[in-house]
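Every number in this text was worked out from the coordinates using simple rules, so none of it is lab data. Keep in mind the model is a prediction, meaning the values are calculated, not measured. Here the Cβ positions follow ideal geometry from the backbone for every residue, glycine too, while neighbour counts run over all protein chains shown.
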Amino acid sequence: MKKYLILCFILAFTLTSVNAQDKVSDHHHYKGDTCKVEARFAPQQGDFTAAMVFGRGAYLNGGLVVPGSYSSVSGSAPYANVVDANDNNITNMVGAEGRYYATNRFAITLSGGAILRNTPAQLAIPAVIDVDGNTIIPAYSAVVADERIDANISVGGQWLFNTKNDRLFPYIGFALPFSYARQSLYDPTIIVDGQGNVEITDLGARHADITAFGVQAVAGVDYYIAKDVFFGFDIKPVSYTYAYSVKTPGPGLYSLESDTNTLSFFAQFSFKVGFKF
């Protein structure tokens, strides 16, 4: 429910600014005896736009499985979970996009996001028990160290087109996405049994990494509801992604490598709410 309220707030905010923006957007330039009326909404050279992007996330981390301690190393290959046949939620904010208009018709684009998590390890503390078997101080379990990185970035270019509607601007372009995901686990638990045998859970950290890159065609449209506020929609007509993963079960051990090629057609969509500066 919370995400729907946030989306409704964004829509209400942008719509209430329409009247005020439209009043200041009516401007004319006169050259000699000629009156030239410029487009009120079209981006111009030197303009910058920033947009919130909604839809399916661009974090490619499918198949990021860290090997377990003293167990088989999973053979799961990286999975391009940025493409899914049955799930693309428009209320899910997935990142941000910036565009710089190098000319009136061409923009350089940059989009992406990152998530970093770090849980430090804590050693286990054994219980203190008296001679009668009563627990004086309870045992404290170890805290497993968990480090994770999810990041994606995409650079590209877009060519803008005019239409008969001075608020509507379709565009085509390309994007070069790059994604990186990593998770490291380390369990410092040490178990000593009644015979004095010691069991060490991890000798060092276990890792799983995914690196992915590709190329995408982009087609979309922006509609300016006010002079500097727009809604947008885009689709990737063709997208290719190469993903490569490495799983390391421990220090000095052999790593398992795997890769996946993903080709999709009209399978990635996104919705945008943006502002022009």
Extension reserve of the Asp193-Ile129 stretch, reckoned as 0.36 nm per residue once the Cα distance is removed
21.5 nm
Please provide three numbers in whole Å: the alpha-carbon extents of the range 118-266 along the principal axes, with the largest listed first.
90, 39, 19
Compute for the range 47-155: radius of gyration divided by Kirkwood radius, i.e. Rg/Rh, restricted to C-alpha atoms, rounded to two decimals.
1.25
Expected unfolding gain across Tyr100-Ala217 under the 0.36 nm per residue rule, minus the alpha-carbon gap, is 40.3 nm
Under 15 Å by backbone N from the virtual spin label 7 Å along Cα-to-Cβ at Val238, the residues of the range 143-170 are none
